[in-house]
Amino acid sequence: MLQKIMEVSTGVYILWGLGVLGVLMKILANAYMSKMVRASTNLGETKRKKLRNMCRQYENKKGFGLCGGDEEAYAESFVRGLKFLTRPMEFWNRSGTVLSLVVCGTMAGAYLYYDPSWRGSPDMQFFLANSILVCACLLVLDHILVINNKVEILKANIRGYLERIPKPREQTAAAVRPFVVKQEMSAEKGKQTDASGEESEGGTMQEKESAASEETLNRFLAEFFS
């Protein structure tokens, strides 16, 4: 068995090296997205620096009225900007297909590189069989670990959290309403005070007028009968 493995050509090693590399990178990218999705379930207390900074920036912009009602576009922009190993998540979603094309290119290169006697030989058949097997593994893995599904879940979680952030007008109304009520109450009290003051002042004026009239009448009677 060991001798059979040692007899395998270098091209087959390259093929399986590409396959293993593709599987490892796909698993790592899927694990990264799974952690991001778990962290996005509670964005208010998340420990992920990227998510925390994103939420803080949006809250600041919304507080100053620089953005509002565009939560979906903001979430879309953030998710599209996510990168793993310097590559966007869209690349990892179809990495199996990309590596399958690389394997097909390796097959074509080997066919052109080796001498004509190799073509149609058992070694070539073995090489082609391994190439097909590697491509099949990569394509099946693309359909098992569907990163795009996690990307959509992450986007929905972010959009839901951003939509729950109160708008600036709602914050202003909530802050100003108690002051307005207090001012209205003060105005009503002032009106009541003014009304009571006017009533008391009116009563005093009537008393003064009646006293003056009575004094005038007494003076006239005193002069008339004197």
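Filter segment 13-33 for residues that are open to solvent by less than 40 Å² (accessible area, probe 1.4 Å) and closer than 14 Å to N93 by Cβ and give the result. Within segment 13-33, G22, K26, A29, N30, Y32, M33 qualify. Residues satisfying the criterion are present in segment 118-137 (criterion: modelled with pLDDT of 85 or more and open to solvent by 70 Å² or more (accessible area, probe 1.4 Å)). Checking each residue in segment 71-91 for being within 12 Å of the chain's Cα centre (by Cα), of a type in the set (D, E) and open to solvent by 60 Å² or more (accessible area, probe 1.4 Å) picks out only E72.
The values are calculated or read from the model by the stated rules, or taken from the named source; none is laboratory data. Predicted model, so just to flag it, every value in this text is computed and none were measured. Note that each Cβ is placed from the backbone with ideal geometry, even for glycine, and that neighbours are counted across all protein chains shown. Areas reflect the complete protein model, heavy atoms only, side chains present, ligands, DNA and RNA absent. Shrake-Rupley method; radii C 1.70, N 1.55, O 1.52, S 1.80 Å.
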